[in-house]
Amino acid sequence: MKQVFNFRLIVFLCAALFGIAFSIPSLFQTQGPRISLGLDLQGGLNLLLEVKTEEAIKAKYASLASSIGFEAKQKQVILDRLRAKEDGVVFDIIDSEDAKTIDMVLSKINGIITQKQEDSYNIVFDEKEIGEIEKNAVSQAISTIRNRLDQFGLSEPSVTQQGKSNILVELPGIKTAEEENRARDLIAKSAHLQMMAVDEEHNARVHTMSALEAQKYGDVILPFVGDDGQDFGKILLKAIPILDGDKLTDARVAYDENHQPVVSFSLDSQGAKIFGDFSGANIGKRMAIVLDGKVYSAPVIRQRIGGGSGQISGGFSVEQASDLAITLRSGALPAPLEVIEKRSVGPSLGQDSIRASAIALISGFVLVVGFMIVYYSMAGVIATFALVVNLFLIIAIMSIFGATLTLPGMAGIVLTVGVAVDANIIINERLREALRAGENVMRAIQLGYANASRAIFDSNITSLIASVLLYAYGTGAIKGFAITTGIGIIASIITAIIGTYGFYQAILPKIANTKSLNFWFGIRKD
Amino acid sequence: MEIFKKVKIFDFVAYSKYGLIVSVFLTLGAFALFFFKGFTPGIDFAGGSSAQIRYEETAPIIEIREILDTTEGFKGSQVSEYGAKQEVQIKIPYNNLLSGKNLNVVLGDLLKDTGKFEIRKLDSVGPKVGNELKQKGILSLVLATLAMMLYVSFRYEWRFALASIVALVHDVIITAAFVIIFNIDLNLEVVAALLTLIGYSINDTIIIFDRIREKMLSNKSNDIIEVINEAISHTLSRTLLTSLTVFFVVLTLYLFGGENIIGFSLPMLIGVVFGTYSSMFVAPKLAILFGFNIQEYHEKEMKKAKKREEKKRLREMYENGRV
């Protein structure tokens with residue numbers, strides 16, 4: 001017994017068992033870790049989004065401006081020309097004696113640098129803060145998108161960061177153009193909700209006003225899409241919003257008195273207080289509900305609005321309203337996203353690809369195996385055995401790591417089949433060489449493996465180095481390819497060098513004195 | 001079954017002279033192609049969009065061309081048959097007018113009168129992504145090559161490392177030239193093929209170098225030419241068998257893998273041939289040309305062996321408690 005089960009054979013059998021056990025879920029679609037098919041194989045939508053981090057910084061300056069304004073008002077300091085620019089917040093103080101108070105307010109805010117010239121202030125974020133904002137913008141965008149997609153009910157969406165400011169979204173199972181459109185809206189809609197005060201003083205002249213003039217008043221001109229989606233022209237609003245969407249706690253679909261779907265939202269306690277204070281102080285004026293830079297409604301405030309809830313109406317369909325509620329609920333995107341790469345594969349093409357690769361894989365495999373057995377006889381059968389286990393191992397390891405099988409990955413497997421055979425060929429050739437030189441079977445096997453292993457190790461390690469680098473620095477297709485070849489190389493070392501050797505050691509007592517070299521190794525000695 | 005029953009020693013080094021001439025000639029030709037014709041960058045690198053559409057009937061290519069030519073944003077699009085009569089590929093160069101739009105819908109609308117069809121694949125790549133890819137592609141290529149060279153230097157000798165890398169670059173350059181000849185767009189699949197070729201080519205070369213090293217250490221022959229000839233001859237059956245199996249595997253991929261993977265399978269098919277050829281006829285000869293000196297090598301190895309011996313002796317002495 002001890003002679004049958006040697007250390008190498010046990011390793012090989014373990015590898016085989018392991019390979020088969022962990023391949024089963026992938027091959028038969030049962031429970032357990034499975035290889036997921038890449039979108040090029042199952043069809044779907046693949047989006048690479050760039051987070052416009054500079055916009056996140058701009059937005060942060062806007063909210064910094066509004067909080068400085070709020071604090072100043074509380075301390076009864078009058079600020080003049082308070083403005084958020086792309087690269088800072090500026091304001092003047094009217095009364096130089098207020099400088100102390102303002103300095104104190106500013107000193108409590110972290111991560112800013114105050115540049116002061118007499119009574120003019122220019123406030124910018126320091127480098128660390130900017131880095132932080134950018135980092136947060138990306139990670140927040142990722143969790144927001146994830147949130148939205150989860151609620152949208154798509155199967156297994158994947159949202160991952162790529163590089164510094166890119167996000168890769170993979171949506172398997174998106175089939176029609178409509179679905180694609182909807183998903184895309186859901187992902188890329190910034191859902192930035194703001195409440196802004198209408199500048200009633202100057203609004204009458206909004207149609208003749210230039211953007212520059214509006215800026216002088218501290219205002220912005222925004223398009224007014226109105227209740228039922230029709231164009232109402234433009235409206236002039238105070239640039240610094242009363243409230244930002246980050247105070248939002250919930251949003252859901254409701255129906256107004258005309259049974260039209262609307263989105264109702266609630267605010268947190270701080271938001272509710274600001275909302276209540278503002279509405280109480282501005283009765284008779286209008287307040288605009290702004291979503292992603294468009295004004296949806298601008299109702300006149302009739303009384304103080306407590307409780308902190310409101311609604312957005314915009315002639316939505318039920319589906320649109322529910323998507324909007326999802327986007328609002330899952331939070332605003334901290335920065336707009338731009339689609340910089342989009343790849344979509346229809347399900348029929350995916351199936352064709354699977355079929356084509358399967359044919360290539362199987363026919364390549366049959367060809368190689370047929371050749372090995374014809375050429376090397378029993379040694380070829382043993383090599384085939386190793387090859388099969390090799391394939392199982394690749395599938396198993398990929399399943400465990402949750403790797404994705406793509407078309408280039410399939411190509412990698414096909415190639416691995418070719419290269420794994422190389423190891424067996426080298427071993428068998430060395431074996432034959434030793435036999436021809438007149439060594440006995442036992443010695444031939446020892447010599448064959450000793451000599452072959454060195455070359456196989458050297459060549460495999462170089463290939464492995466290459467695949468590791470390709471995996472580390474490559475993208476998409478190259479990565480997929482690197483994974484399968486890398487795993488294939490390791491599997492081939494285990495199966496070819498260790499596994500088959502163990503096999504020979506186990507059967508050695510049987511073939512040690514064989515006269516039939518042709519049956520075992522496919523050679524005749526004269 | 002046996003093909004090479006007895007190992008016959010061929011004079012590979014002598015043939016290598018012609019091999020080198022052929023290689024220099026082919027490499028120059030390849031450079032001429034790079035220079036005068038150049039690659040057609042695919043959308044992965046140049047940016048733009050590529051759509052694959054299947055019609056139920058034969059695809060009305062001329063009609064599609066006319067529609068696209070007269071539509072703003074689609075000027076300069078290329079329409080071609082793709083694998084089958086029903087299938088077309090449309091390549092749309094990057095255009096600001098189209099960025100941000102949902103091409104699926106736009107194309108669907110544009111072509112809705114041309115017959116029943118299904119958009120099977122639609123890829124859009126922004127120009128920035130293409131640039132990043134280019135940088136990453138080149139970086140991974142250079143790093144992979146350097147790392148392999150380091151490893152070969154460590155295991156063999158720097159002249160061998162240099163020779164193997166030159167042979168490898170030669171393979172890649174010639175294969176890349178064929179990419180131009182067969183009018184394949186330079187996309188990620190092509191890059192993947194070239195990267196695989198690097199792995200394959202160095203693998204082949206190392207197997208032969210390993211034999212050369214083994215011969216150098218076992219025979220005390222001081223004739224490097226003799227050693228190389230013996231080494232290549234002894235590995236000949238393995239080289240041919242492996243190359244043929246890999247060739248056939250790639251061939252099945254080429255024949256059955258379909259149009260979508262041709263950017264990978266065709267360059268690989270050519271690369272395997274040149275990878276095999278260069279490891280037999282280019283790399284060993286180059287090592288000689290780079291001034292590899294077998295006597296020096298022997299002396300070095302001898303010194304190393306002596307040192308090992310010395311250490312062993314010391315350890316034995318130590319273990320026997322004599323130190």
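The values are calculated or read from the model by the stated rules, or taken from the named source; none is laboratory data. No experiment lies behind these values; they were computed from the predicted model shown. Every residue, glycine among them, receives a Cβ derived from its backbone with ideal geometry; neighbour counts consider all protein chains shown. For the accessible areas, the whole protein counts, side chains as well, though only heavy atoms, and no ligand, DNA or RNA atoms are used. Shrake-Rupley method; radii C 1.70, N 1.55, O 1.52, S 1.80 Å.
The single condition among (1) more than 9 Å from chain A (Cβ to nearest Cβ); (2) part of a helix (DSSP H, G or I) that B:Leu241 does not satisfy is (1). Quick one: would you say B:Lys134 is crowded, with 16+ Cβ neighbours inside 10 Å and more than 9 Å from chain A (Cβ to nearest Cβ)? Here the answer is yes, as B:Lys134 does meet what is asked.
Test A:Glu97 against the criterion of being open to solvent by 50 Å² or more (accessible area, probe 1.4 Å) and either under 30 Å from A:Gln161 (Cα atoms) or under 40 Å from the mean Cα position of the chain (by Cα) (or both), and give yes or no. Taking the combined requirement at face value, the residue does not satisfy it. If a residue has to be within 12 Å of another protein chain (Cβ to nearest Cβ) and either of a type in the set (D, E, K, R) or open to solvent by 30 Å² or more (accessible area, probe 1.4 Å) (or both) to count, how many in region A:501-518 make the cut? So the answer is 1. If you check A:Ile456, A:Ile498, A:Ile489, which single one turns out to be modelled with pLDDT of 85 or more, in contact with a Ser or Thr (Cβ under 6 Å, 6 or more places away or on another chain) and either buried (at least 23 other Cβ atoms within 10 Å of the Cβ) or not basic (Lys, Arg) (or both)? Being modelled with pLDDT of 85 or more, in contact with a Ser or Thr (Cβ under 6 Å, 6 or more places away or on another chain) and either buried (at least 23 other Cβ atoms within 10 Å of the Cβ) or not basic (Lys, Arg) (or both) holds for just one of A:Ile456, A:Ile498, A:Ile489, which is A:Ile489. Close contacts from region A:102-124, counting a first residue that is on the phi < 0 side of the Ramachandran plot and a second that is hydroxyl-bearing (Ser, Thr, Tyr) and assigned to a helix (DSSP H, G or I), with Cβ to Cβ under 8 Å and a gap of 6+ residues or different chains, come to A:Ile109/A:Ser67; A:Asp119/A:Ser96.
Of all the listed residues (A:Asp268, A:Asp250, A:Asp219), the sole one being surrounded by 15 or more Cβ atoms within 10 Å (Cβ to Cβ) and in contact with a Leu (Cβ under 9 Å, 6 or more places away or on another chain) is A:Asp219. Among the residues of region A:430-443, is any at pLDDT 85 or above, within 9 Å of chain B (Cβ to nearest Cβ) and closer than 28 Å to A:Gly19 by Cα? For region A:430-443, residues at pLDDT 85 or above, within 9 Å of chain B (Cβ to nearest Cβ) and closer than 28 Å to A:Gly19 by Cα: absent.
Per-residue answers, yes or no, for (1) in contact with a Phe, Trp or Tyr (Cβ under 9 Å, 6 or more places away or on another chain); (2) of a type outside the set (S, T, N, Q):
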| residue | (1), (2) |
| --- | --- |
| B:Asp11 | no, yes |
| B:Tyr18 | yes, yes |
| B:Val22 | yes, yes |
| B:Leu26 | yes, yes |
| B:Ala32 | no, yes |
| B:Ile43 | yes, yes |
| B:Ala59 | yes, yes |
| B:Glu72 | no, yes |
| B:Gln78 | no, no |
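The set of residues from region A:318-337 being in contact with a Lys or Arg (Cβ under 6 Å, 6 or more places away or on another chain) and open to solvent by 40 Å² or more (accessible area, probe 1.4 Å) comprises just one member, A:Pro336. Which numbered condition trips up A:Gly448, out of (1) of a type outside the set (Val, Ile, Thr); (2) away from chain B (no Cβ under 11 Å); (3) within 46 Å of the chain's Cα centre (by Cα); (4) open to solvent by less than 10 Å² (accessible area, probe 1.4 Å)? The failed condition is (3). When every residue of region A:242-253 is checked against the conditions, none turns out to be out of contact with any Phe, Trp or Tyr (no Cβ under 7 Å at 6 or more places or on another chain) and either over 29 Å from A:Ala137 (Cα atoms) or part of a loop (DSSP other than H, G, I, E, B) (or both).
Within region A:452-480, the set of residues being under 15 Å from B:Ile206 (Cβ atoms) and either within 7 Å of another protein chain (Cβ to nearest Cβ) or touching a Pro at 6+ places or on another chain (Cβ under 8 Å) (or both) comprises A:Arg454, A:Ala455, A:Asp458, A:Ser459, A:Ile461, A:Thr462, A:Ser463, A:Ile465, A:Ala466.
Annotation note: Cβ proximity below 7 Å between a residue of region B:27-51 that is more than 21 Å from B:Gly275 (Cα to Cα) and a residue that is surrounded by 15 or more Cβ atoms within 10 Å (Cβ to Cβ) and of a type in the set (Gly, Ala, Ser) (sequence gap 6+ or interchain) occurs for B:Ile43/B:Ser49; B:Ile43/B:Ser50; B:Asp44/B:Gly130; B:Phe45/B:Gly130; B:Ala46/B:Gly130; B:Gly47/B:Gly126; B:Gly47/B:Gly130; B:Ser49/B:Ser124. Of all residues in region A:236-247 being out of contact with any helix residue (DSSP H, G or I) (no Cβ under 6 Å at 6 or more places or on another chain) and either at pLDDT 80 or above or under 11 Å from A:Gln311 (Cβ atoms) (or both), which is surrounded by the fewest Cβ atoms within 10 Å (Cβ to Cβ)? Among them, the one singled out is A:Lys238.
Each residue in region A:162-201 was checked for being out of contact with any strand residue (DSSP E or B) (no Cβ under 6 Å at 6 or more places or on another chain) and free of Cβ contacts under 8 Å to residues at least 60 places away in the same chain, and 8 of them qualify.
For region B:107-131: of the residues being over 30 Å from A:Ser463 (Cβ atoms) and of a type in the set (S, T, N, Q), which is farthest from the other protein chains (Cβ to nearest Cβ)?
B:Thr114
Only one of the listed residues (A:Gly380, A:Gly409, A:Gly315, A:Gly307) is closer than 30 Å to A:Asp40 by Cβ and either surrounded by fewer than 21 Cβ atoms within 10 Å (Cβ to Cβ) or within 14 Å of chain B (Cβ to nearest Cβ) (or both). That residue is A:Gly409. Per the conditions (1) surrounded by 15 or more Cβ atoms within 10 Å (Cβ to Cβ); (2) farther than 30 Å from B:Thr245 by Cβ, the sole criterion not satisfied by B:Ala283 is (2).
Rundown of residues vs (1) open to solvent by less than 20 Å² (accessible area, probe 1.4 Å); (2) outside any strand (DSSP E or B); (3) among the β-branched types (Val, Ile, Thr), yes/no style:
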| site | (1), (2), (3) |
| --- | --- |
| B:Phe10 | no, yes, no |
| B:Gly19 | yes, yes, no |
| B:Thr27 | no, yes, yes |
| B:Ala30 | yes, yes, no |
| B:Leu33 | no, yes, no |
| B:Gly38 | yes, yes, no |
| B:Ser49 | yes, no, no |
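A search for C-beta distances below 8 Å between a residue of region B:68-85 that is assigned to a loop (DSSP other than H, G, I, E, B) and any residue that is of a type in the set (Asp, Glu), counting only pairs 6+ apart in sequence or on different chains, returns B:Lys75/B:Asp69; B:Ser77/B:Asp69; B:Gly83/B:Glu259.
For the subset of region B:256-303 comprising residues that are assigned to a helix (DSSP H, G or I) and polar (S, T, N, Q), which member is farthest from B:Leu197 (Cα to Cα)?
B:Gln295
From the list A:Phe371, A:Phe392, A:Phe401, the one residue that fits, being within 13 Å of chain B (Cβ to nearest Cβ), aromatic (Phe, Trp, Tyr) and open to solvent by 40 Å² or more (accessible area, probe 1.4 Å), is A:Phe371. Within the option set B:Glu157, B:Glu214, being free of Cβ contacts under 8 Å to residues at least 60 places away in the same chain, open to solvent by 10 Å² or more (accessible area, probe 1.4 Å) and either under 20 Å from A:Ile456 (Cα atoms) or polar (S, T, N, Q) (or both) holds for one residue only, B:Glu214.
Inclusion of A:Phe365 among residues that are more than 9 Å from chain B (Cβ to nearest Cβ) and either surrounded by fewer than 24 Cβ atoms within 10 Å (Cβ to Cβ) or among the hydrophobic types (A, V, I, L, M, F, W, C) (or both) is not warranted.
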